[in-house]
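J.: Structure incoming, see below.
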Amino acid sequence: MKILLVTWSIYDDRIKEFAKDCTGGGLVIKNLCEYIGRKEEAYLFIGAHKFPKIQLGSFCIVKTDDVPDVAADGDTSNEIRLKTMTKAFEKTLNDLQPDIVNLHGKGDLVQRCIEVCLQSKIPFVYTEHLFIPRNRMFAKYDQDVIWEKQIFSVEDLHVIAVSAGMKRAILKDFPDISQDHIVSIANGTDFIPCHVESNLIKEYDLKGKKVLLCVGTLLARKNQIQIVHCFGLLPENIKRNIKIIFCGKDGMDGKLQEEINKFGLQDSLIYAGTFSSEVMKEYYSVADGLIMPSLAEGLSIAALEAIAYGIPVIMFSDSECAEDMNDPEVVCLAENRSDKALAESIAAWHQKDWDREYIIKYSKYFGMERMAQDYLNHYHSLLNEK
């Protein structure tokens, strides 16, 4: 089977354009290509830049640098780029003749690629990595909602959601999608946990403390500021005994740090910065838990990395991730999204004696081999249906 995967960008330190784009989505798409490529012919079309043909491990980035720019009078630079990469996608379909196309993520280019697939009668499936519900509780993402409405209105669209909770959310907002046209395939990771010695205990004065990590880009959607607000509701003995370390690119222009300073919590709540996957192993090695207060999530790669270390995860009970990770020996669920409920879940995490070996064993399901095989099984199912 010949599979063409399509995305805007990936994370891969072997390609200078994407060496610093360390996002969960970019990482999981790259890994999916690699693991699918170990069993079938896998090709990747990238929209953000033109590339020569590049063999990356078990998959191949298709050649697009031979397609001249397509422009008409009055076109903006963005429209020229969209027209050019759409033309490159058409050429790729003609040259490659894939059995199936798997499009990943939202955007104008993905929509144009869907139109090309429909016109060419090439079987395709769309994977949603981050669904933004219409009743969202955070700012921005207006364009994402517009894209979702356009994509999920495509007749006979087949959809892969990366978590069971996301599938439920999509069907709630788009009830016209047929139940048998959307499946959930839980994300996986190839993350290999290993204990890494570091000076973090000394640097952050962690000795004798329980350490909670909060990993991910600082964003209103990821809701890190609520952790600051709920911290004051914790019993004094717990406050004295825990430290919360935030790791991720600052997408809020210092607002988290300002909030921490406003409440005088600099000793307990620490913004450490953004780190590579390898450096993050130092942080997982000193952590006792991961807290994930996101208002919208796919199936968090940080959560999967944490449980690979045997670290329990705190999240909201209505998180998209909760259904796929609903084991009370692995996760600690806040009953609702209030500060009080989140503080209570931190206290419950602090008081529980977690079995790390159990969590590590539980994490084995969320590997890349299982994820890739689930995708391949779904591709075969779609092709047999066609």
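J.: Is it the case that Ala348 is of a type in the set (A, V, I, L, M, F, W, C), touching a residue at least 60 places away in the same chain (Cβ under 8 Å) and surrounded by 13 or more Cβ atoms within 10 Å (Cβ to Cβ)?
T.: Values: of a type in the set (A, V, I, L, M, F, W, C): yes; touching a residue at least 60 places away in the same chain (Cβ under 8 Å): no; surrounded by 13 or more Cβ atoms within 10 Å (Cβ to Cβ): yes.
When the stated conditions are applied, Ala348 does not pass them.
J.: Can you tell me which residue within region 194-249, out of those that are assigned to a strand (DSSP E or B) and not hydrophobic (A, V, I, L, M, F, W, C), is nearest to Ile311 (Cα to Cα)?
T.: So the residue we want is Lys210.
J.: Given the condition assigned to a helix (DSSP H, G or I) and open to solvent by 60 Å² or more (accessible area, probe 1.4 Å), answer yes or no: does some residue in region 40-54 qualify?
T.: Our first condition is that a residue be assigned to a helix (DSSP H, G or I); within region 40-54, this holds for none.
No; the residues of region 40-54 include none that is assigned to a helix (DSSP H, G or I) and open to solvent by 60 Å² or more (accessible area, probe 1.4 Å).
J.: If you take the residues in region 224-255 that are in contact with a strand residue (DSSP E or B) (Cβ under 7 Å, 6 or more places away or on another chain) and among the aliphatic types (A, V, I, L, M), which one is most open to solvent (accessible area, probe 1.4 Å)?
T.: Restricting to residues being in contact with a strand residue (DSSP E or B) (Cβ under 7 Å, 6 or more places away or on another chain) and among the aliphatic types (A, V, I, L, M), the top hit is Met252.
J.: Just to be sure I understand, how many residues within region 294-315 are under 17 Å from Ala161 (Cβ atoms) and not acidic (Asp, Glu)? Spell out how you get there, then give the answer.
T.: Going residue by residue through region 294-315, those that are under 17 Å from Ala161 (Cβ atoms) are 294, 296-301, 303-304.
Those still in the list that are not acidic (Asp, Glu) too: 294, 296, 298-301, 303-304.
Total satisfying the criteria: 8.
J.: Could I ask something else about it? Consider region 55-68. How many of its residues are surrounded by 12 or more Cβ atoms within 10 Å (Cβ to Cβ) and part of a loop (DSSP other than H, G, I, E, B)? Talk me through it step by step, then tell me what you get.
T.: Kept after step one, since they are surrounded by 12 or more Cβ atoms within 10 Å (Cβ to Cβ), are these residues of region 55-68: 56-64, 67.
If we keep only those that are part of a loop (DSSP other than H, G, I, E, B) too, we end up with 57-58, 62-64, 67.
Counting residues in region 55-68 that are surrounded by 12 or more Cβ atoms within 10 Å (Cβ to Cβ) and part of a loop (DSSP other than H, G, I, E, B) gives 6.
J.: From Ile311, Ile291, grab the single residue that is farther than 20 Å from Arg221 by Cα, open to solvent by less than 10 Å² (accessible area, probe 1.4 Å) and either at pLDDT 90 or above or more than 19 Å from the chain's Cα centre (by Cα) (or both). I'd like the intermediate steps shown before the answer.
T.: Values: Ile291 fails: farther than 20 Å from Arg221 by Cα.
That would be Ile311, the only listed residue that is farther than 20 Å from Arg221 by Cα, open to solvent by less than 10 Å² (accessible area, probe 1.4 Å) and either at pLDDT 90 or above or more than 19 Å from the chain's Cα centre (by Cα) (or both).
J.: Residue by residue through region 256-276, note down the ones that are in a strand (DSSP E or B), open to solvent by less than 40 Å² (accessible area, probe 1.4 Å) and within 21 Å of Arg221 (Cβ to Cβ).
T.: Let us first name the residues in region 256-276 that are in a strand (DSSP E or B), namely 269-273.
Cutting the leftovers down to open to solvent by less than 40 Å² (accessible area, probe 1.4 Å) gives us 269-270, 272-273.
Correct list: Leu269, Ala272, Gly273.
J.: Right, another one. Could we say that Gly216 is of a type outside the set (A, V, I, L, M, F, W, C) and open to solvent by less than 50 Å² (accessible area, probe 1.4 Å) here?
T.: It is true that Gly216 is of a type outside the set (A, V, I, L, M, F, W, C) and open to solvent by less than 50 Å² (accessible area, probe 1.4 Å).
J.: Next question. Which condition from (1) open to solvent by less than 60 Å² (accessible area, probe 1.4 Å); (2) at pLDDT 95 or above is the one that Ala322 breaks?
T.: (2)
J.: May I ask you to verify whether Ile61 is among the β-branched types (Val, Ile, Thr) and farther than 21 Å from Gln119 by Cβ? Spell out the reasoning first.
T.: Numbers: among the β-branched types (Val, Ile, Thr): yes; farther than 21 Å from Gln119 by Cβ: yes.
Yes; evaluated as a whole, the condition is true for this residue.
J.: Now for a different question. For region 88-97, indicate whether the set of residues that are within 26 Å of the chain's Cα centre (by Cα) and under 24 Å from Ile160 (Cβ atoms) is non-empty. Talk me through it step by step, then tell me what you get.
T.: The first filter runs over region 88-97 and keeps only residues within 26 Å of the chain's Cα centre (by Cα), leaving 89.
Imposing the further condition that a residue be under 24 Å from Ile160 (Cβ atoms) reduces the set to 89.
Within region 88-97, one or more residues are within 26 Å of the chain's Cα centre (by Cα) and under 24 Å from Ile160 (Cβ atoms).
J.: Out of curiosity, is Asp95 surrounded by fewer than 19 Cβ atoms within 10 Å (Cβ to Cβ) and assigned to a loop (DSSP other than H, G, I, E, B)? It would help to see each step written out before you state the result.
T.: On the way: surrounded by fewer than 19 Cβ atoms within 10 Å (Cβ to Cβ): yes; assigned to a loop (DSSP other than H, G, I, E, B): no.
So Asp95 does not fit the description; no.
J.: Would you mind stating whether Thr92 is of a type in the set (Val, Ile, Thr), at pLDDT 90 or above and within 13 Å of Leu4 (Cα to Cα)? Even if it seems obvious, please write down each step before you answer.
T.: Working: of a type in the set (Val, Ile, Thr): yes; at pLDDT 90 or above: yes; within 13 Å of Leu4 (Cα to Cα): yes.
Yes.
J.: Right, something else. Output yes when any residue across region 202-217 is farther than 25 Å from Arg136 by Cβ, without any contact (Cβ under 8 Å) to a residue 40 or more places away in the chain and not basic (Lys, Arg), and no when none is.
T.: yes
The values are calculated or read from the model by the stated rules, or taken from the named source; none is laboratory data. Not measured: the values here are computed from a predicted model. Heads up, the Cβs are rebuilt from the backbone with ideal geometry, glycines too, and the neighbour counts pull from every protein chain shown. For the accessible areas, the whole protein counts, side chains as well, though only heavy atoms, and no ligand, DNA or RNA atoms are used. Shrake-Rupley method; radii C 1.70, N 1.55, O 1.52, S 1.80 Å.
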